[in-house]
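First comes the structure, then the notes that go with it.
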Amino acid sequence: MSLDYDYQPLRIRTGTPAHNGHLHRLTFGGDWQHNLYHLETEVGVAGSSNMFKHQDFHRQVLNGRLAVFRAWHEGSDLSVGVGGDHRFGSFRWLPRLRWAQSTVYGHWQVDLPVLAQWQSPDQSWGVRMERAGDRWATLDKSREVESALYLREWRAELSYRLGFGHDSWPAVLLGLGASIDTRVRYQDLNAGNLDIRLGDSVFGRVMLSW
C-alpha cells in the first residue's frame, strides 16, 4: 500500500488557459496477488491549486488507475492483462504484456506498452523508461469555468536510492531524467480546446519512502 503526493508546475505563456498551471495530485494505491492473478489499483484526487485553496471541486477531480494481470502459468515470468488509465490521453483500456525476472545482474521488468526498467541487485540504482500521463481537474482564475487538463509524455530516468527506510528514517530516492514528446490538452478561454506539444526538458526528483 502506498500514499503519494506530487506537485507539477506547468508554464503556458500563450493564450488564456482556463487553469493556473499549478497541478497537485494525491493518490492511494496498492497491489494484490491471488494465485495466477495480480491486481494494481490507484485512486485519488488531482486538480489545480485554486481548487484546493478554495475547496471548490468538481467531479473530474476524482481519478484512478486499474490493471489486472494473469500469469501465463504458475511460476511464469510472463503475464497478460489489461489496464485503464490516462497515460495516452483520455481514459482508455489497453492490453498489457508484462515480463519480469530477477538475475545476478539485477531485476528486469518490461510492461508493454507503458514501462521498461532495470534495478541493480542491491536495489540502489535504477533505470526506467515510462509512459506517463494523467488528468487534472481545473478552474480558471475566476473559478467560473470547470474543465480538465490532460498531460502525457515519455519519461527516461536514472535513479539512486540512499538507505532503505529502516527504523524511523526514510529512504531517499534521487532521480535525474528527461521528459520527451510531452503533450498537453486543455481549454483556452478564447481559443477553445487546445492540444499542443511542449519542448523536451530535463527534470530532477527527490522522493522520501518509509
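Quick look at the values:
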read-out: Where labels lie 7 Å past Cα in the beta-carbon direction, separation of H34 and V127 in nm; value: 3.8
read-out: Distance from segment 107-174 to segment 30-51 (C-alpha centre basis), Å; value: 14
read-out: Computed [θ] at 222 nm, helices only, for the chain once each DSSP H run of length n ≥ 4 contributes -39500 (n - 2.57); value: -500 deg cm²/dmol
read-out: Share of carbon and sulfur in the accessible heavy-atom surface of the chain [1.4 Å probe, %]; value: 57
read-out: Mean shadow area of the chain, taken as a quarter of the surface of its Cα convex hull (nm²); value: 13.0
read-out: Accessible surface, per residue, of segment 2-209 when the full set of protein chains is kept, probe 1.4 Å, Å²; value: 58
read-out: FRET efficiency for Q55 and L174, using Cβ-Cβ distance with R0 set to 35 Å, rounded to 0.05; value: 0.55
read-out: Top of H86, H58, H73 by mean-square fluctuation, Gaussian network on the chain, Cα under 10 Å; value: H73
read-out: V145 versus L94: modelled label distance in nm, points set 7 Å from Cα along the beta carbon direction; value: 2.9
read-out: Paramagnetic reach from D181 (point 7 Å along Cα→Cβ, amide N under 20 Å) across segment 69-83; value: 83
read-out: Distance (nanometres) between label positions extended 7 Å along Cα→Cβ at L198 and R70; value: 3.9
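The values are calculated or read from the model by the stated rules, or taken from the named source; none is laboratory data. Everything numeric here is computed off the predicted structure, so don't read it as measured data. We place every Cβ from the backbone using ideal geometry, glycine too, and count neighbours over all the protein chains shown. Ligands, DNA and RNA are stripped out before the accessible areas are found, and what is left, the full protein with its side chains, is counted by its heavy atoms. Shrake-Rupley method; radii C 1.70, N 1.55, O 1.52, S 1.80 Å.
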